[in-house]
């Protein structure tokens with residue numbers, strides 16, 4: 001039986017990946033190491049609590065002893081690093097956690113992979129390491145890294161560490177860089193779940209700047225399939241872009257969500273843009289199509305409809321997530337801009 005060590009598996013992308021893999025492969029077992037910081041939610045995998053091939057370990061990827069303890073004595077067949085501080089706005093407020101988790105944590109995992117001789121190490125990265133695009137063209141795997149936020153810089157630093165370990169020590173490393181994900185179990189500070197949940201509750205929808213920042217949208221199931229394809233068929237030392245091919249301005253996405261929820265566009269509120277907000281992302285995923293045999297399968301309209309339905313059906317899940325510490329963050333981030341609106345922030 002194959003055995004994966006997955007880090008950050010209680011987050012949005014990691015939890016969807018774990019569930020998809022376990023359901024598809026009866027000869028796979030997974031150990032999930034997650035510190036359960038603000039976006040790591042054990043409820044995301046509550047349906048696997050009694051699964052015989054799944055084990056959760058709470059621990060910190062930046063602590064070598066905790067990584068070793070989670071892995072146990074048997075060497076995993078693969079280590080997949082999903083663990084990351086991932087929200088740009090939070091990195092602008094405090095970069096320290098991003099440096100610790102995204103860079104130091106990655107270094108600890110790489111040291112462990114080298115020490116154990118793990119046959120496959122996969123780093124889950126982001127298109128944000130490339131910076132901002134002009135109105136045409138798309139990022140390829142050879143595009144120079146030009147991050148513009150502390151979050152993106154920490155992910156770029158981690159990517160360079162991964163590639164350096166591959167070249168210096170012959171570690172069989174692979175990096176995947178995905179475009180913006182959406183789907184079930186996404187923490188509601190991200191655009192799509194924030195807008196859906198606010199619309200359902202008739203709260204204002206805060207849109208940065210003019211709302212014309214363009215993102216390439218990828219359903220999380222397609223991302224999970226792309227990661228698995230890279231793990232199984234990717235060449236060591238290579239980077240693979242995993243893009244959805246769905247470039248849309250944020251404002252168009254928000255309007256589509258309001259239509260799907262049946263709420264008026266008058267809920268939209270334009271707020272002050274974030275510093276150095278990248279104008280456009282687009283990924284050229286032809287290398288993944290050619291070398292991995294992967295291509296996205298979920299059309300954006302279908303994926304968006306499924307996502308809205310999931311959030312409608314799981315009100316209790318996101319209502320719990322949007323309580324406590326989340327409320328405090330939301331108030332800091334949008335409170336001043338929305339102070340004049342009734343019910344502007346979750347209460």
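Every read-out reported here was derived from the displayed coordinates using simple, explicitly stated rules and does not represent laboratory data. None of these values were measured; they are calculated from a predicted model. Every residue, glycine as well, gets a Cβ built from its backbone with ideal geometry; the counts of neighbours run over all protein chains shown.
Descriptive notes on the structure:
- Taking a ≥ b ≥ c as the square roots of the eigenvalues of the alpha-carbon gyration tensor, region 202-259 is classed prolate because a/c is 1.5 or more and a/b outweighs b/c.
- Of the two radii for region 40-131, the radius of gyration is 0.99 times the Kirkwood radius, both from the alpha carbons; that is the Rg over Rh value.
- Gyration tensor verdict on region 76-128 (Cα atoms; rounded if a/c is under 1.5, prolate if a/b is larger than b/c, oblate otherwise): prolate
- Percent antiparallel among DSSP beta bridges (both partners in the chain, rounded to 5): 5 percent
- Ordering of 200-210, 31-41 by packing [mean C-beta count within 10 Å, highest first]: 31-41, 200-210
- The listed peptides 64-73, 188-197, ordered by packing as a protection proxy, come out as 188-197, 64-73 (highest mean of other Cβ atoms within 10 Å first).
- Helix 191-200 vs. the chain, principal-axis angle (Cα, 0 to 90°, nearest 10): 40 degrees
- Remark on region 92-222: hydrodynamic radius 16.8 angstrom, per the Kirkwood mean of 1/r across alpha carbon pairs.
- Relative contact order (%) - criterion: Cα under 8 Å, at least six apart; region: the chain: 16 percent
- The overall shape of region 98-155 is oblate: from the C-alpha gyration tensor, with semi-axes ordered a ≥ b ≥ c, the ratio a/c is 1.5 or greater and a/b is no larger than b/c.
- For the peptides 104-114, 76-86, residues were scored by their other Cβ atoms within 10 Å and the scores averaged per peptide; the highest-first order is 76-86, 104-114.
- Rounded tilt (10° steps) of 325-338 against the dominant C-alpha axis of the chain: 40 degrees
- With respect to the chain, whose longest principal axis is taken over its alpha-carbon atoms, helix 150-169 is tilted by about 10°.
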